[in-house]
Structures are given as C-alpha cells and as structure tokens.
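All remarks here apply to the structure that follows.
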Amino acid sequence: QLVYPYDFRLTEKEKTSICYLSFPDSYSGGLGDTQFSFRLRQSGGQRTTHYDDDGEYNREAPLTLQREAAHYFGYVYFRQVKDSSMKRGYFQKSLVLVSRLPYVNLFQSLLQLIAPEYFDKLEPCLEAVCNEIDQWPPPVPGQTLNLPVMGVVIQVRIPSRVDKPGSSPVKQFNQENLLPAPLVLPSIHELDLFRCFQPVLIHIQMLWELMLLGEPIVIMAPSPTVSSEMVLALTSCLAPLKYCCDYRPYFTIHDSEFKEYTTRTQAPPNIVVGVTNPFFIKTLQHWPHILRVGELRMSGDLPKQVKVKKLNKLRTLDTKPGIYTSYKTFLHKDKTLIKRLLKGIQRKRPSEVQSALLRRHLLELTQSFIIPLEHYIASLMPLQRAITPWKNPPQIRPFRQEDFMKTLEHAGPQLTCVLKGDWLGLYRRFFKSPNFDGWYRQRHKEMTQKLEALHLEAICDANIVAWMKDKSEVEIVDLVLKLREKLVRARCQHLPVKEETLQRVALYIETIIGSLPEDLQAVLHHH
C-alpha cells in the first residue's frame, strides 16, 4: 500500500516478494500482534546505495554484522484482529522495516514502538518517525548511540570487530541524566538463545556441527515467529566465525527461489530455510536434515526435547516434532552443558543467564575448532626479514590440508576442549564447506594487506638516495610509477598503515622526481 520514504526504489519482483513474506502463509488462528523476520535476495542488479561509509563500517564491524550487499532483511510487525467492517471479518496488516543491517533486536524494538501508532494514525505517523530517524547518527562500531523516536530514547551499543568475543555488552551506559530514562537494549542483535533452542537443547552440538559444515537444513515451524527465530539462532551459533551460506528465516511457496530449492534434479543448496506451510513437508522431503518444532512455550521445567528420527519417518500430514536426519555427529555429546542448564531451570535462573551460558558454550566450541586453523594459517606468512624494499613482497604460502592435519597432534582442539570424538573427520568435512572457503578468503585478504603494509614500512625505512646512485632513468621512473600505484592502493584498500608512513612515501616520490631531468619531471607530474 505504501513505501516510505517515497524515493526508495524497489523492483516489482522485490515488492511482490516482500508482500508474500509479510504475512503468515498458512492459517494462523492466533489473533493479536506477532513479529518475525525474513531475508530477501535483491533482484535487478546492484543499486547504488547512499551509504558512502559502507566500506568503513564493514571494516570495523564484526564479520557477522556487516551490511549485506545482495540481500535485504525484512522486520515484520503483523496485526490480526476481528473487525466486522472488513470484508473478511478481520483487520490484517503488516508494517515492515527493510534494512541491509542484521540488527534484529533494534529493529524489532523500534517496530514495537511505531507499529501500534501507525495502525492507528497511518501515514502522518511514518512521516514523523522517518524525520526523527533521519537525524540518527550512522552506526559506528564501538559507539553507544542514543536514538530518539516517538518520545523514547533507544540506547544501544554497536559492536566492533575488536571486541573480545564473548565479552558481555558494556553494562555502564553513560546515562547523562537522560529524561525520560532511555530504553536500553542489552544487545543490538543477540537473540534469547535459551528460548529459541528450547526443544533442541540436548541436540545443540549436532546442530552446531550441521551449521559448521554448511549442511542444507529445513526448519518446519508452526509460525513465522518460531521459524525466523530458530533460523537466526542457528546462524548465530558459530560466532565469531561467519556463517557464509545462504539462509532464509522465513520462506513461502510464492518465493522466486521456490523452484531452485525444491528441485530434485540436483542436491539441495547449502542453506538453512525456515518454513511454516505444511506443503513443504512434501516438496522438501528429499533434504538431508529437517527439524520440525512445535509452538515454543516457556515452562518451569526442561521443555519436551525432540527426538532424532530417520528421514523415512517423515509423515506428510502429521509430522511429529523431531530432527529427521541420518547424520552421525563427529564429536561425542557434552553432558555438562545440559546438566548446567537443568540446574539453572531448577534454580529458576532468568532466561538471559541461561542464554549467556549457552552462548559461551558455543563460543568455546567454535574457538577450540578454529584456533588450530588460525595458528596454522599464521605460519604461512613470510618472515618479516624476507620483506625487502626493492623487491615485490614474498607470497603467502599455500594452505595444505595435510600439513594442517599434522599440526593437530600437538596443537589440536583437545588442548582447549574436553570433547572427544573424530575431530579430524570434522575438519575434513569442514574443508568442503562454504564456511571454510569464506574464512580462508577473509584471512588471506587480511594477510595480503598486512604484507603490503609491511612492504610500505620497509620502503619508508630504506635509503632511497643510496639506491638511486647507480640506477638508470628507466629504472627510477619505473620505481616512481610502482610507488605511486602502491600509495593509491594503500589508500583505496585502507591498508593497516600509519598515515605518516604514507606521507613519507609520497615525499619520497617527490624527492625522486625532483632528481630527474626537467622534461621527465613534467611527464611524471602530468602522469
């Protein structure tokens, strides 16, 4: 019905998809308000965004919170109430916030404030809200922001890549005597894992392995809320490792990718997809892992845990909750986590305490797995003394899986993790997954930039005048052009180099040009 701000361009395909994703796609008898999220592939090529700071934000934000280039997130507030004046006897409407940022808590909290007002006052309400949001500062990693909207100030900290993993968000906020007292969000994106994982707590490790390996998983849920929370909880459980596969927190049969995902002519894609329409049980039954969950109810004791069942037990009409898979975990089950959570339940610990426990357990598991890889890849970096000013920097040595495997005997995950099992088998499978590929590319890029930076430092410390003594003009001009190119690259790629180093290299270039005959000087300056 309405897109605000008006100048925001969406293709027809995107509009149609957003419409379908904004409503529950199977009968939901529930009246009242529900909230859920979706993620949508951008169609119609790259659009120029009005964020000039994309690069800067993405460099400083944790990998898991970077701005998406090819996807939108949709945050939905859906209201369904009886209304006799409507043709269908119901008022059904959704307000959707579209963003490239995965700040699920911030945007869902924002919708809780805006949506009820919007359903009441309509467009003028959106206009007022957008005027306020226009005044918000950009999200700068590491900063705490006060965001005023509709008489409330939302206070939130934007996480940064240099935060220590697993450190809880800073509690002491600069209250600055804000009146009214701000609405403080403890996290911009972290879900209540304990609540999301209620029915599968005893299978957390199996789910962690499936996510690590980028396996295709279907979540069948009773509502878009349960489906989107479960998918987002799963994709977050590898942090600080980035989950590099595709994921759809909520997916409907009208989606343009429907054919792509349901075809049987090729293996299912590496994706976690959340669905609610029972029709999917039939169309996705060839997928290797299907998690069927019921409504989440927070009760005083350990919620009913689903069982692992064989895929052929999948009943088309009445599928009982369960994990339908033939997957055998590589690692043995960790009993201590469940014991701790049970103790928490008996002592009536608040959900956020239980969630913190779960998150820490998953973090330690991921770190035990990834630290040996980090150690090995660091050893592929050339020695600093091999970097000399007048030669191209040496190459990073290639990653050899077998060499890595040999390091595990004395420096493997067993040093930091009590879990026994087939770690080697897990690594071998991981090497075939998009998550390994994504991790390796990111590290390789960082190391290449570090090498470039070290090379610039070496040039800076070198004695250029001495080097030039016995060089021909051709060689000197060649050096000028190479140094210039390096300087441009350092600035474009924001290499980790001190500003003074760059200025010294620029000064060097001027000095060298100054020592050349005037006709060459003119050409180079023009160049």
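The values are calculated or read from the model by the stated rules, or taken from the named source; none is laboratory data. Worth saying up front: this structure is predicted, and the values here are computed from it rather than measured. No Cβ is skipped: glycine too gets one built from the backbone with ideal geometry, and neighbour counts run over all protein chains shown. SASA here: full protein model, heavy atoms, side chains in, ligands and nucleic acids out. Shrake-Rupley method; radii C 1.70, N 1.55, O 1.52, S 1.80 Å.
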**Asked** At a Förster radius of 56 Å, what calculated FRET efficiency corresponds to the Cβ-Cβ distance of Thr336 and Ser515, to the nearest 0.05?
**Response** 0.20
**Prompt:** After finding the eigenvalues of the alpha carbon gyration tensor for the range 373-448, what semi-axes result from the square roots of 5 times each, listed largest first in whole Å?
**Reply:** 28, 15, 10
**Request:** Report the far tail of the P(r) of the range 316-384, meaning the percent of Cα-Cα pairs longer than 16 Å.
**Result:** 69
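For the chain, which whole percent of the accessible surface, found with a 1.4 angstrom probe, sits on carbon and sulfur atoms?
55
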**Item:** For the chain, with +1 on Lys and Arg beta carbons and -1 on Asp and Glu, the positive-most of Gly44, Met150, Ile338 along the dipole
**Value:** Ile338
**Relative contact order (%) - the chain, alpha-carbon pairs under 8 angstrom, separation at least six** = 12
**Item:** Separation of the Lys406 and Ala267 label points, Cα + 7 Å toward Cβ, nm
**Value:** 2.9
**Message:** Please compute the volume of the convex hull spanned by the alpha-carbon atoms of the range 12-139 and report it per residue in Å³.
**Reply:** 137
**Mean shadow area of the range 193-437 over all directions, Cα convex hull, nm²** = 16.6
**Asked** Given the Cα-Cα distance of Gln143 and Tyr4 and 0.36 nm per residue of separation, how much length would full extension add, in nm?
**Response** 47.3 nm
**Complete:** Checking rank on 272-285, 228-241, 95-108, 10-23, with mean other Cβ inside 10 Å and highest first, the result is 228-241, 272-285, 95-108, 10-23
**Complete:** Mean projected area, convex hull of alpha-carbon positions in the range 463-526, reported to one decimal in nm², is 4.5
**Asked** Taking H as built 1.01 Å from N, whose amide H comes closer than 5 Å to the amide H of Phe91, not counting residues under 5 places away?
**Response** Val81, Lys82, Asp83
**Request:** For Lys320, go through the aspartates and glutamates and keep the ones whose alpha-carbon is under 13 Å away, minus same-chain ones fewer than eight residues off.
**Result:** Glu295
**Inter-centroid distance (Cα atoms) of the range 63-128 relative to the range 391-425, Å** = 46
**Complete:** Heavy-atom accessible area per residue of the chain, all protein chains kept, 1.4 Å probe, expressed in Å², is 53
**Request:** Compute the length gained on full extension between Lys469 and Trp390: take 0.36 nm times their separation in residues and subtract their Cα-Cα distance, giving the result in nm to one decimal.
**Result:** 27.0 nm
**Message:** Could you tell me the extents of the chain's C-alpha atoms along the three principal axes, largest first, rounded to whole Å?
**Reply:** 90, 61, 54
**Message:** If you count only protein heavy atoms and use a 1.4 Å probe, how large is the accessible surface of Ile114, to the nearest 10 Å²?
**Reply:** 10
**Cross-link pairs Lys339/Lys420; Lys304/Lys432; Lys450/Lys486; Lys282/Lys309 - those with Cα-Cα distance over 24 Å** = Lys304/Lys432
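Would you kindly calculate the translational diffusion coefficient of the range 205-342, applying Stokes-Einstein with the Kirkwood radius from alpha carbon pairs, for 20 °C and a viscosity of 1.002 mPa s, and quote it in µm² s⁻¹ without decimals? The partial results should precede the final answer.
Numbers: Rh = 15.7 Å.
Translational D for this selection: 136 µm²/s.
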